[in-house]
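The structure under discussion appears below in the form of structure tokens.
The values are calculated or read from the model by the stated rules, or taken from the named source; none is laboratory data. The structure displayed is predicted, hence computed values, not measured ones. So basically every Cβ, Gly included, is an ideal-geometry build from the backbone, and we count neighbours across all protein chains shown.
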Amino acid sequence: MFNTDAPHINGKFLYYAFIAGGNEILQHQAEINRINVFPVNDKDTGTNLASTVRSVIDNIKPHKSYKTTVSNIADAALIGARGNSGVIFAQFLHGLSRETLNKPVITLPEFADSVNRSIPYIYEAVANPVEGTMLTVIKEWSDFLNAKKEAIHDFKNVIIDSITVLEKSLAETTSKLKALNKSGFVDAGAKGFVLFIQGIIDFIKNRNIRNMVTEADEGLSLVHTEEISSEEITHRFCTEAIIKNVSISFSELRKILGQKGNSVVVAGSESMCRIHVHTNHPADLFHQLKNVGTITFQKVDDMVRQQEAVVNRKWNIALVTDSTCDLPKELIDFYQVHVVPINLNFGDNHYLDRVTIQPDQFYDLLESHAQFPKTSQINEQAFTNLYSHLASHYDAIIAIHLTGQFSGTYANSVKAGERISKEFNKTVKVIDSKNLSGALGLLVLKTAQNIEAGQSIDTIIRSLEKDVIQSKIFVSVRDLRSMIRGGRVSKPKGIIASALGLNPVISMDENGKSLLFGKTFSQEASLNKIYRHIQKISAGKTVWNYMILHAHNPEGAREAEAKMVAMTGLKPVSTVDISPVIGMHAGNGAIAISLLFNS
């Protein structure tokens with residue numbers, strides 16, 4: 001594996017060395033987070049680096065070939081990279097993979113050469129390289145290795161001795177980088193890289209593979225620090241994506257990203273690259289990028305909401321939902337609701353519902369794209385990451401999701417909640433709304449107001465469980481084309497129904513399954529059917545509030561609002577464009593009315 005007599009390293013040595021270095025980052029996440037000042041003081045560099053190395057640890061296996069192993073590590077890191085430092089680190093590994101000879105084992109000179117040739121990769125990846133960061137520390141480590149590369153029979157000691165150079169380079173980041181001068185901290189990304197090499201050195205010295213693998217298998221959650229600055233964030237969303245088969249040069253791609261924001265990094269190759277940018281308009285950015293390659297993955301973190309959780313949280317109970325919750329942005333922001341987006345795919349292109357694709361853009365694509373969009377559930381890891389962060393700052397977490405009958409999102413949220421609840425010894429309660437869209441929005445809003453009123457977690461949950469039964473939604477479908485394309489209605493039946501001019505009314509039953517409430521020969525007739533039913537079920541009840549939703553049909557929504565005001569004497573919470581994930585099945589022109597009765 002590592003032979004000091006005929007010094008070389010193979011794939012298995014590299015694999016276990018990476019795990020050792022990765023474990024060092026996982027164990028020191030909080031320390032790295034605490035000193036994170038540059039480029040944004042959002043205290044998540046440790047978490048991002050941990051996520052990057054965790055992607056490698058979770059997804060690759062030992063292989064005897066060095067070339068195969070370094071390539072597998074680079075690919076897994078690129079896919080799992082998060083944040084500025086994570087993407088730069090992944091790009092370093094990508095460069096290492098590209099510049100390594102196709103050999104099963106390599107020597108110290110060959111290793112030093114591959115590290116040296118990787119340096120341009122990381123500098124070229126960053127739109128505005130800044131010295132005194134991870135870039136500098138990796139470069140100075142490379143310079144040391146190259147100066148010692150002729151010491152062929154002393155490979156082990158060269159790596160061990162390199163820690164002195166790394167620690168000196170790290171200490172100098174405080175004076176080199178102006179942003180660090182005031183804090184007195186070293187650069188967080190650079191600290192992460194030094195810890196990574198320290199872990200490798202400890203492995204070289206001790207070779208305790210059994211303990212190391214045990215640590216890797218423990219599944220440490222991502223850790224978040226309590227400290228964060230309240231300084232203004234000028235670009236709200238930390239936005240990342242994997243783009244395959246890029247049709248423009250990386251310089252052109254960096255220019256596009258730079259026009260939309262800052263902190264730009266482009267890593268990888270034309271066949272598969274990872275982008276990172278801080279921007280206020282992720283949906284506009286991805287609408288532009290859809291023509292430059294295939295967007296196979298997106299990740300967007302709301303840095304304002306992250307900052308609020310730490311230094312400006314209004315209450316000590318965090319509220320979470322998914323993007324099928326159709327509440328207007330002003331209410332989401334006021335109540336500091338954490339919204340996790342459902343995944344949405346048009347062909348091979350991936351989007352995040354309401355984050356990287358907005359309703360206007362969605363309905364344009366729905367009409368023009370040859371393939372009908374598909375959705376996929378939010379995975380457990382996304383919830384684990386979020387709940388880990390929230391549990392670091394809140395006393396309890398309540399999550400309310402779309403019906404579990406429609407998506408595995410609820411089930412994945414439950415699994416993540418149980419794990420984080422045990423690790424942090426805090427309440428994480430996940431509720432199946434058995435509904436969606438405006439009905440889910442009303443449940444979230446009422447829960448937010450109960451949190452605002454200072455109710456206990458137990459009281460809020462009891463109220464919420466009763467409210468689930470009292471939430472209703474009725475959808476008037478104007479056009480069956482989307483239901484036919486999406487398979488909700490069979491093509492033969494759809495053609496007959498369309499020819500007859502049938503307009504179905506869709507609702508939800510008590511178990512969260514879709515229910516054909518009725519069918520009429522016009523949308524006006526279907527809405528009248530809904531109004532009559534609402535009057536019927538309102539007997540002996542009071543409406544807490546309601547919402548009007550529409551799929552690109554504001555005029556129809558205004559008419560529905562006027563009718564509901566006349567019926568209830570109440571103005572709706574809001575009249576909004578329905579979530580794309582729901583609108584894709586309801587189709588263009590649909591009108592929905594959601595109500596929540598007092599329980």
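All conditions but one from (1) surrounded by fewer than 24 Cβ atoms within 10 Å (Cβ to Cβ); (2) assigned to a helix (DSSP H, G or I) apply to G438; the one that does not is (1). All of (1) more than 13 Å from F38 (Cβ to Cβ); (2) part of a helix (DSSP H, G or I) hold for T136 with one exception: (1). Filtering segment 152-182 to residues that are over 17 Å from G21 (Cβ atoms), at pLDDT below 85 and surrounded by 15 or more Cβ atoms within 10 Å (Cβ to Cβ) leaves D154, L177, A179, L180. Only one entry of A370, A416, A399, A391 meets the criterion of being outside the structural domain of I537 (by TED's automatic domain parsing), out of contact with any helix residue (DSSP H, G or I) (no Cβ under 9 Å at 6 or more places or on another chain) and of a type in the set (A, V, I, L, M), and that entry is A370. Scanning segment 397-435 for residues being out of contact with any His (no Cβ under 8 Å at 6 or more places or on another chain) and part of a helix (DSSP H, G or I) gives a total of 13. Taking the criterion of being among the hydroxyl-bearing types (S, T, Y) and surrounded by 15 or more Cβ atoms within 10 Å (Cβ to Cβ), the only residue of segment 240-267 that qualifies is S263. Number of residues in segment 544-576 that are at pLDDT 90 or above and either hydroxyl-bearing (S, T, Y) or surrounded by 18 or more Cβ atoms within 10 Å (Cβ to Cβ) (or both) equals 19. Just checking, which of Q449, Q455 is at pLDDT 95 or above, in a loop (DSSP other than H, G, I, E, B) and surrounded by fewer than 23 Cβ atoms within 10 Å (Cβ to Cβ)? From the options Q449, Q455, the qualifying one is Q455. Inspect segment 124-132 for any residue being in a helix (DSSP H, G or I) and within 30 Å of N84 (Cβ to Cβ) and give the result as yes or no. Checking segment 124-132: at least one residue is in a helix (DSSP H, G or I) and within 30 Å of N84 (Cβ to Cβ).
Scan segment 128-139 for residues that are in contact (Cβ under 8 Å) with a residue 24 or more places away in the chain and surrounded by fewer than 17 Cβ atoms within 10 Å (Cβ to Cβ) and the total you get is 3.
Right, H278: more than 25 Å from S97 (Cβ to Cβ), surrounded by 22 or more Cβ atoms within 10 Å (Cβ to Cβ) and either of a type outside the set (S, T, N, Q) or at pLDDT 95 or above (or both) or not? Walk me through it before giving the result.
Numbers: more than 25 Å from S97 (Cβ to Cβ): yes; surrounded by 22 or more Cβ atoms within 10 Å (Cβ to Cβ): yes; either of a type outside the set (S, T, N, Q) or at pLDDT 95 or above (or both): yes.
It is true that H278 is more than 25 Å from S97 (Cβ to Cβ), surrounded by 22 or more Cβ atoms within 10 Å (Cβ to Cβ) and either of a type outside the set (S, T, N, Q) or at pLDDT 95 or above (or both).
Within segment 164-210, count every residue that is in a loop (DSSP other than H, G, I, E, B) and of a type outside the set (D, E). Of the residues in segment 164-210, 8 are in a loop (DSSP other than H, G, I, E, B) and of a type outside the set (D, E). The condition of being assigned to a strand (DSSP E or B), closer than 26 Å to S437 by Cβ and touching a Pro at 6+ places or on another chain (Cβ under 7 Å) holds for L352.
Which one of T427, T459 is free of Cβ contacts under 8 Å to residues at least 12 places away in the same chain and over 30 Å from A525 (Cα atoms)? Spell out the reasoning first.
Working: T427 fails: free of Cβ contacts under 8 Å to residues at least 12 places away in the same chain.
Going through T427, T459 in turn, the sole match is T459.
Considering only residues that are modelled with pLDDT under 95, under 16 Å from T69 (Cβ atoms) and assigned to a helix (DSSP H, G or I), which ones fall in segment 99-123? Within segment 99-123, E110, F111 qualify. Could you please let me know if D42 is buried (at least 22 other Cβ atoms within 10 Å of the Cβ), farther than 16 Å from A190 by Cβ and modelled with pLDDT under 80? Judged against the criteria, D42 is a match. In segment 139-146, the condition of being under 24 Å from T47 (Cα atoms) and part of a helix (DSSP H, G or I) is met by at least one residue. Answer yes or no: is there a residue in segment 383-395 that is part of a strand (DSSP E or B) and modelled with pLDDT of 85 or more. Within segment 383-395 (the criterion being part of a strand (DSSP E or B) and modelled with pLDDT of 85 or more), the answer is no, since none of the residues qualifies. For K563, the requirement of being among the basic types (K, R) and either in contact with a Lys or Arg (Cβ under 8 Å, 6 or more places away or on another chain) or part of a loop (DSSP other than H, G, I, E, B) (or both) is not met. Looking across segment 265-299 at every residue that is over 27 Å from N72 (Cβ atoms) and in contact (Cβ under 8 Å) with a residue 60 or more places away in the chain, the one that is farthest from the chain's Cα centre (by Cα) is identified as H287.
Condition check: within 30 Å of V310 (Cβ to Cβ), modelled with pLDDT of 90 or more, out of contact with any Gly (no Cβ under 7 Å at 6 or more places or on another chain) and in a helix (DSSP H, G or I). Does L14 satisfy that? So L14 does not fit the description; no.
Matching residues to (1) touching a residue at least 24 places away in the same chain (Cβ under 8 Å); (2) outside the structural domain of L516 (by TED's automatic domain parsing); (3) closer than 30 Å to G347 by Cα:
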site	(1), (2), (3)
K541	yes, no, no
Y546	yes, no, no
P554	no, no, yes
A562	no, no, no
G569	no, no, no
I578	yes, no, yes
G583	yes, no, yes
G587	yes, no, yes
I591	yes, no, yes
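Here the helices (runs of 4 or more DSSP H) wholly within segment 267-346 that include at least 2 residues being more than 26 Å from L442 (Cα to Cα), outside the structural domain of I451 (by TED's automatic domain parsing) and not β-branched (V, I, T) are 282-289.
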